[in-house]
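Read the structure below first, then the notes.
The values are calculated or read from the model by the stated rules, or taken from the named source; none is laboratory data. Computed from a prediction, not measured in an experiment: that's the story for all the values here. A quick note on method: Cβ atoms are made from the backbone with ideal geometry, for glycine too, and the neighbour counts reach across all protein chains shown. The area values use the complete protein model at the heavy-atom level, side chains included, leaving out ligands, DNA and RNA. Shrake-Rupley method; radii C 1.70, N 1.55, O 1.52, S 1.80 Å.
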Amino acid sequence: MEIRKPNDSELKKVLELSPQAVFDGTLGEVKPTNEKIEQLVKPLLEKGSYYLIATEYDNLMGWILIGASKDQFTDKTNGFIYELFVLEEYRGNGISKRLMRTAIDHLRQHGYHEVRLSAFAENQAIKLYKELGFNIRTVTMSLSL
């Protein structure tokens with residue numbers, strides 16, 4: 001397996017599949033259109049965020065979107081993981097862990113001293129995040145009316 005930045009056609013494929021990634025990541029609560037994905041991702045890419053993809057024999061297996069985010073209270077800039085996704089047929093093979101470790105290394109090399117991410121409370125990936133040393137920092141709560 002290789003983890004690297006995508007070429008243009010691979011990036012197009014990632015963006016086409018991103019609605020499914022958001023759907024899975026939000027536990028089925030949100031399934032955005034491709035237009036909404038572009039609206040969310042394009043500004044991140046323009047500000048220096050980028051994807052890393054996992055491939056094997058030219059098959060796209062998964063990806064991670066990384067970049068920077070500013071803490072709203074301290075104005076400190078941290079590394080941020082915006083999206084992590086592995087296609088269903090490749091899950092259970094440690095790809096998420098390899099993507100996460102590679103992303104953390106990239107962010108460290110870019111000079112960040114902290115990496116943050118957000119996840120839905122029941123997301124299975126939280127176990128992985130904790131295993132990699134992430135701690136719960138904030139909790140967002142909601143009340144349906």
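Spin-label model, Asp75/Thr140: points 7 Å from Cα along the beta carbon direction are separated by 2.4 nm. Here is the size of the range 1-45 from its Cα atoms: Rg then Dmax, 11.5, 32 Å.
Considering helices alone, the calculated mean residue ellipticity of the chain at 222 nm is -11500 deg cm²/dmol, with DSSP H runs of length four and up weighted by -39500 (n - 2.57) and normalised per residue. If you plug the beta carbon distance of Leu87 and His110 into 1/(1 + (r/R0)^6) with R0 = 30 Å, you get a FRET efficiency near 0.65. For Ser49, the solvent-accessible surface computed with a 1.4 Å probe is close to 10 Å², ligands and nucleic acids excluded. Site-free segments of the chain were taken between trypsin sites (Lys or Arg not before Pro) in DSSP loops having at most 16 other Cβ atoms within 10 Å, sites themselves excluded; the longest one is 1-46.
Computed from phi, the 3J(HN,Hα) profile of the range 123-137 under the Karplus parametrisation 6.51, -1.76, 1.60 (θ = phi - 60°) reads 5, 4, 5, 4, 4, 5, 4, 5, 4, 7, x, 6, 10, 5, 10 Hz, with x in place of Gly and Pro.
3J(HN,Hα) along the range 54-62, derived from phi through the Karplus expression 6.51 cos²θ - 1.76 cosθ + 1.60 where θ = phi - 60°, amounts to 9, 9, 8, 6, 6, 9, 6, 10, x Hz, with x in place of Gly and Pro. Across the chain, the longest run free of exposed loop sites, meaning chymotrypsin sites (Phe, Trp or Tyr not before Pro) lying outside DSSP classes H, G, I, E and B with no more than 10 other Cβ atoms within 10 Å, spans 74-145.
On alpha-carbon atoms, Rg over Rh for the range 1-133 using Kirkwood Rh? Taking Rh as the inverse mean 1/r over Cα pairs, Rg/Rh reads 0.93. Positive contributions from Lys and Arg (+1) and negative ones from Asp and Glu (-1), summed over other residues with Cβ under 11 Å from the Cβ of Gln124, come out at 0. 3J(HN,Hα) along the range 65-76, derived from phi through the Karplus expression 6.51 cos²θ - 1.76 cosθ + 1.60 where θ = phi - 60°, amounts to 10, 10, x, 10, 8, 9, 5, 5, 8, 9, 6, 6 Hz, with x in place of Gly and Pro.
Listed by chain and number, the lysines whose C-alpha is less than 18 Å from the C-alpha of Lys127, apart from same-chain residues fewer than 8 away, are Lys97. Projected over every direction and averaged, the convex hull enclosing the alpha-carbon atoms of the range 56-107 yields 4.3 nm². Extending 7 Å from the Cα toward the beta-carbon at both Glu29 and Glu122 defines two label points whose distance is 1.0 nm. When Asp75, Asp58 are compared by accessible area at a 1.4 angstrom probe, the order from most to least is Asp58, Asp75. Measuring nothing but protein heavy atoms, the accessible surface of the chain at 1.4 Å probe radius is 49 percent carbon and sulfur. Loop-located GluC sites (Glu not before Pro) in the range 48-145 (DSSP state other than H, G, I, E, B) with a sparse environment of at most 14 neighbouring Cβ atoms within 10 Å: Glu114, Glu122.
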